[in-house]
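What follows is a single structure, written as structure tokens, with notes after it.
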């Protein structure tokens, strides 16, 4: 089976699974089972893909006659490459774990089948983005993902908060996509083709279709779209609200799709991005602000699920920052590697907290206190997930974060990009991340003071997940520990990192974790950092960005809309009504004139006719 | 033969139903009309595939000929009309506009069905006419039955609204038609022929001033029909009042006549004049996109909202045409077809809702469709997703290529690129208003089984109509090549043939 066949199947299979699942919606459990089986088949396929993946510089794409739309060529090609195969594998794995978990978590939900179908479609869209060698295909996958996230976040549509969160997520990302679409439109129009290779050839060479400033502007537009989808500053606020969705949806959105897709797209466009300094500065500064701010907010959350959400924002900023600072020799692979490892450990963390929340009945830190004692696996999974999140050496997250640090350092000394700022932000973020990871650990594994876990088990007969879920969690835990071995396969093109970086991060992590450890006396370490009730509320509301969106964007647009509606009714349509009214008045006069029917009027008309006839005769007299 | 059948069968049956068969009972009239629509539609599809020609002299003095032929540009539109024609007649089983609000008879069912068939016939004739004067006549034939549909069979709740909407429709479009007629006569008189095949070459010798004048007249006249901002105000009134089938015909067939006319007349025959007024057209189109989108954010009547979203969507089509390139025309044609299918779907659903609820005021809280009628809800969300330009559904291709085309236009690069940027902002507005509707109508709190105002789910022929339109939305979205492969050669001949 060639790598190309694998990539076609990886895109096609989830689509078919989504259709089948939707068709079987009347028997939800069977439908979910079909979705799970298809996702397991995808995992097998993706594993085959790892073995048949082409080696570096040997990316293969299909050759077929492109569709010609006027002057624009649309080849609609899929491709395969080494890093692509690795990313596809982790997407397939996470999707399968999420579906397995969903079958247990949403067992009694009347829309289980619709949920499973949407997850499958979501996976297909992400696979399309990963394998696309055509910017239109990228855009299709990108937008379909946005739509699926709308459906998943709003899954519990009987709750107003879920409806609002879904609306907000779609609108915020769609507004940012104005930039994404325009950037792609500009690149495509300049290259005369939507094919990725044609676009890269046209725009990365010395003779671009337009000035370098235009290239930078177009890439900056693409970057804006990526910032929106990846929940980066200033678009970050939709993601914590998206926690209204069921936890498996969060695991999927955060770990392997949606927010991570921006990294994949920019990695594909990297040969152009590296020449677009303006876009790199934009990306670098936005991610630097985001990673520090989101990490600080994570520390202050009263809800642990929202803590994880903010940690995603921060981690995605880290992977994107690697793209902003990487030099041409380093390439995009450090970013993709961090995306890979983040997918593994973040899905583990989300699925674990989904389980714990079923046990505790809530995701609030207060309620989750000591919930980890329910099962040994929960404790281990939570511990290793957090270790990877904090970037401890040797676990998967630690390795990849170190490579990002090295990339930023090389960028800072090697080229003029935003490397220095990003490097400084990264170092601060490492400390903060360690602090909130430690906090999350302390809260969940606190010794129980109240009821015994067995009593909790009686309250929640479904508190114990099925064996399949436990197996999925175990697989993810093992991968979190040993996933770094993927570097041996050479699928990611990554240089060695020096030991000194490891020592430095270890030092920073112990500072951050130590501070949290010292603050544990008050119960939740957060209380030592965020002391007043007002500040806690502010942190929970994400510094009030929601209000800012409403005041600065939504309200003015709605105000303008009211003005336009008024103008349309009273001015534009006013002329029309005026014309109709004057026609009516003229008709009324004519009717009155006729009604009189007096002989004098008739004589008058005949006289008028004679005058006209005579006038015509005179004028045409030759 | 197919061409004759396509024009004669629905035309003759429609005329007979409106005159001799007026007293026919409902059941018979419906069957006869459906048979006529199916035969005419089948003939139209055959004719689109075989491309036969009818060519007879008609008014030799003017050089006007009785010349019908389907080419690549009109074939998808003829097919669209054929499908929509069958669907609107079939929809007469689901909704009976000849009954008044209380269920009493207020008009003849046969007349209603005849009017539907005549609109379809007129559209077939307009799309297949290869002669400028013939095109104009066919274009006008559509208006009267449409006026009957709006004025006699419109919203049963308000007679004043019906009178206003139908009068506005007929007067507005008649003024547009008059301008277009002057333009056509000027063109035909100057060029000395009315045949579309010979016109471009014959009109090439005209001076730039004459070209601009003719292009302005033609574009103005057709812009009313499209409609282009600020000539759009007849549309929301007509849509709100018309019966569901009338709205569908209006959106899917009549508006298409406007854009088709823009391609066929000014763009093909007086390209230099057209490119001089193109920036104005582009700006009007872009204002329409924003204008329609903004109004949709606050509009309370769902039918008016869909009508304003039509204004926004046609803005994309007009923008693509204004670029004057092959890519632009391709974008406009697929955008045209896509809008026809999507808005037809939405109007069938919203018309159905109005039928069930009595009004479609968004300010009234009603049980969510997702809870009480999942099939109708699914169709609605599909239509809304397509309307906001979701890839994989029909709306995406027209919008995306309509943004690409003005990036490298034939002329006026600066203005058109700015327009493309603003149009992209308008696309985000589409998301905002589509999901606003979804949030109000589709999703909502849990509904108890005995709640009032539960909308019955769609079934029977209404379900069939919705399913066909939904399938078309997906098919065009997944494989836009179906349309592009048909239009490609004709478009390159049309645009490439220009000097």
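The values are calculated or read from the model by the stated rules, or taken from the named source; none is laboratory data. Only a predicted model underlies this, so the values are computations on that prediction, with no experimental measurement involved. Virtual Cβ from ideal backbone geometry, glycine too; neighbours counted across all protein chains shown.
Just the residues that are surrounded by 14 or more Cβ atoms within 10 Å (Cβ to Cβ), over 24 Å from residue A:237 (Cα atoms) and more than 8 Å from chain B (Cβ to nearest Cβ), please, taken from the range A:553-567.
Hit for the range A:553-567 is A:567, nothing else.
Please go through the range B:149-163 and pick out each residue that is assigned to a helix (DSSP H, G or I), crowded, with 19+ Cβ neighbours inside 10 Å and touching a residue at least 60 places away in the same chain (Cβ under 8 Å).
Scanning the range B:149-163 gives B:149, B:150, B:153, B:162.
How about the range A:118-206: which helices (runs of 4 or more DSSP H) wholly inside it have at least 2 residues that are in contact (Cβ under 8 Å) with a residue 60 or more places away in the chain, more than 25 Å from residue A:79 (Cβ to Cβ) and more than 8 Å from every other protein chain (Cβ to nearest Cβ)?
Correct list: A:135-153, A:160-191.
Among B:384, B:353, B:435, B:416, which is the only one that is modelled with pLDDT of 85 or more, closer than 26 Å to residue B:294 by Cβ, within 26 Å of the chain's Cα centre (by Cα) and away from chain A (no Cβ under 14 Å)? Give the steps one after another, and end with the answer.
Details: B:384 fails: away from chain A (no Cβ under 14 Å); B:435 fails: away from chain A (no Cβ under 14 Å); B:416 fails: away from chain A (no Cβ under 14 Å).
Matching residue, one of B:384, B:353, B:435, B:416: B:353.
Does any residue in the range A:579-598 that is within 14 Å of another protein chain (Cβ to nearest Cβ) come within less than 7 Å, Cβ to Cβ, of a residue that is part of a helix (DSSP H, G or I) and modelled with pLDDT of 75 or more six or more places away or on a different chain, and which pairs are these?
From residues that are within 14 Å of another protein chain (Cβ to nearest Cβ), the pairs are A:580/B:167; A:580/B:168; A:580/B:171.
How about the range A:345-454: which helices (runs of 4 or more DSSP H) wholly inside it have at least 2 residues that are without any contact (Cβ under 8 Å) to a residue 12 or more places away in the chain? First the steps, then the outcome.
Working: elements: A:365-368, A:376-390, A:396-414, A:419-444.
Because the criterion is at least 2 residues that are without any contact (Cβ under 8 Å) to a residue 12 or more places away in the chain, no helices (runs of 4 or more DSSP H) in the range A:345-454 meet it.
For residue B:359, all conditions in the list (1) more than 14 Å from every other protein chain (Cβ to nearest Cβ); (2) crowded, with 24+ Cβ neighbours inside 10 Å; (3) over 30 Å from residue B:182 (Cα atoms) hold save one; what is the number of the exception?
So residue B:359 meets the others, but not (2).
Does residue B:444 satisfy the criteria of being closer than 22 Å to residue A:146 by Cα, assigned by TED's automatic domain parsing to the domain that holds residue B:384 and not in a helix (DSSP H, G or I)?
It is true that residue B:444 is closer than 22 Å to residue A:146 by Cα, assigned by TED's automatic domain parsing to the domain that holds residue B:384 and not in a helix (DSSP H, G or I).
Between residues in the range B:351-376 that are farther than 27 Å from residue A:110 by Cα and not assigned by TED's automatic domain parsing to the domain that holds residue B:462 and residues that are surrounded by 15 or more Cβ atoms within 10 Å (Cβ to Cβ) and modelled with pLDDT of 80 or more, which pairs lie under 6 Å by C-beta distance while being six or more apart or on different chains?
Taking only residues 6 or more apart or on different chains, not a single pair turns up.
Sort through B:423, B:427, B:379 and tell me the only one that's in contact with a helix residue (DSSP H, G or I) (Cβ under 7 Å, 6 or more places away or on another chain), within 11 Å of chain A (Cβ to nearest Cβ), part of a helix (DSSP H, G or I) and at pLDDT 90 or above. Before the answer, list the steps.
Numbers: B:427 fails: at pLDDT 90 or above; B:379 fails: within 11 Å of chain A (Cβ to nearest Cβ).
Sole residue among the options that is in contact with a helix residue (DSSP H, G or I) (Cβ under 7 Å, 6 or more places away or on another chain), within 11 Å of chain A (Cβ to nearest Cβ), part of a helix (DSSP H, G or I) and at pLDDT 90 or above: B:423.
Name the residue, out of A:326, A:286, that is more than 23 Å from residue A:98 (Cβ to Cβ), more than 18 Å from the chain's Cα centre (by Cα) and either buried (at least 24 other Cβ atoms within 10 Å of the Cβ) or not assigned by TED's automatic domain parsing to the domain that holds residue A:200 (or both). Can you show your working first?
Numbers: A:286 fails: more than 18 Å from the chain's Cα centre (by Cα).
That would be A:326, the only listed residue that is more than 23 Å from residue A:98 (Cβ to Cβ), more than 18 Å from the chain's Cα centre (by Cα) and either buried (at least 24 other Cβ atoms within 10 Å of the Cβ) or not assigned by TED's automatic domain parsing to the domain that holds residue A:200 (or both).
Is the range B:77-95 home to any residue that is surrounded by fewer than 20 Cβ atoms within 10 Å (Cβ to Cβ), within 20 Å of residue B:247 (Cα to Cα) and either at pLDDT below 85 or more than 21 Å from the chain's Cα centre (by Cα) (or both)?
Yes, the range B:77-95 contains a residue that is surrounded by fewer than 20 Cβ atoms within 10 Å (Cβ to Cβ), within 20 Å of residue B:247 (Cα to Cα) and either at pLDDT below 85 or more than 21 Å from the chain's Cα centre (by Cα) (or both).
Kindly provide the set of residues from the range B:392-407 that are in a loop (DSSP other than H, G, I, E, B), at the interface with another protein chain (Cβ under 10 Å from one of its Cβ atoms) and either touching a strand residue (DSSP E or B) at 6+ places or on another chain (Cβ under 9 Å) or crowded, with 24+ Cβ neighbours inside 10 Å (or both), ordered by number. Don't jump to the end; show me each part of the working.
From the range B:392-407, those in a loop (DSSP other than H, G, I, E, B) are B:392-394; that's our starting set.
Narrowing further to those that are at the interface with another protein chain (Cβ under 10 Å from one of its Cβ atoms): B:392-393.
Correct list: B:393 only.
Can you confirm whether the range A:75-83 contains a residue that is surrounded by fewer than 19 Cβ atoms within 10 Å (Cβ to Cβ) and over 26 Å from the mean Cα position of the chain (by Cα)? Working first, answer last.
Quick first cut of the range A:75-83, residues surrounded by fewer than 19 Cβ atoms within 10 Å (Cβ to Cβ) only: A:76.
Within this subset, residues satisfying the condition of being over 26 Å from the mean Cα position of the chain (by Cα) are none.
Taking every residue of the range A:75-83 in turn, none turns out to be surrounded by fewer than 19 Cβ atoms within 10 Å (Cβ to Cβ) and over 26 Å from the mean Cα position of the chain (by Cα).
Can you find, within the range A:207-242, the residue that is modelled with the lowest pLDDT among those that are in a helix (DSSP H, G or I) and over 30 Å from residue A:254 (Cβ atoms)?
Start the filter on the range A:207-242 by keeping residues that are in a helix (DSSP H, G or I), which leaves A:212-229, A:238-242.
In the following step, the residues that additionally are over 30 Å from residue A:254 (Cβ atoms) were identified as A:212-217.
Working: A:212: 82, A:213: 85, A:214: 86, A:215: 88, A:216: 89, A:217: 90.
Top of the filtered list is A:212.
Within the range B:88-131, work out how many residues are in a loop (DSSP other than H, G, I, E, B) and either within 25 Å of residue B:5 (Cα to Cα) or out of contact with any helix residue (DSSP H, G or I) (no Cβ under 6 Å at 6 or more places or on another chain) (or both).
Quick first cut of the range B:88-131, residues in a loop (DSSP other than H, G, I, E, B) only: B:94-98, B:100-104, B:106-108, B:130.
Still in the running and either within 25 Å of residue B:5 (Cα to Cα) or out of contact with any helix residue (DSSP H, G or I) (no Cβ under 6 Å at 6 or more places or on another chain) (or both): B:96, B:100-104, B:106, B:108, B:130.
Total meeting the criteria: 9.
A quick yes/no check of all residues on (1) assigned to a loop (DSSP other than H, G, I, E, B); (2) surrounded by 23 or more Cβ atoms within 10 Å (Cβ to Cβ):
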site: B:165; (1), (2): no, yes
site: B:177; (1), (2): no, no
site: B:186; (1), (2): no, no
site: B:193; (1), (2): yes, no
site: B:197; (1), (2): yes, no
site: B:201; (1), (2): no, no
site: B:209; (1), (2): no, no
site: B:217; (1), (2): no, yes
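How do the helices (runs of 4 or more DSSP H) wholly within the range B:225-328 filter down when requiring 1 or more residues that are modelled with pLDDT of 90 or more and more than 14 Å from chain A (Cβ to nearest Cβ): which remain? Quick ask: steps written out before the conclusion?
Working: elements: B:234-241, B:244-249, B:255-262, B:271-298, B:302-322.
The qualifying helices (runs of 4 or more DSSP H) are B:244-249, B:255-262, B:271-298, B:302-322.
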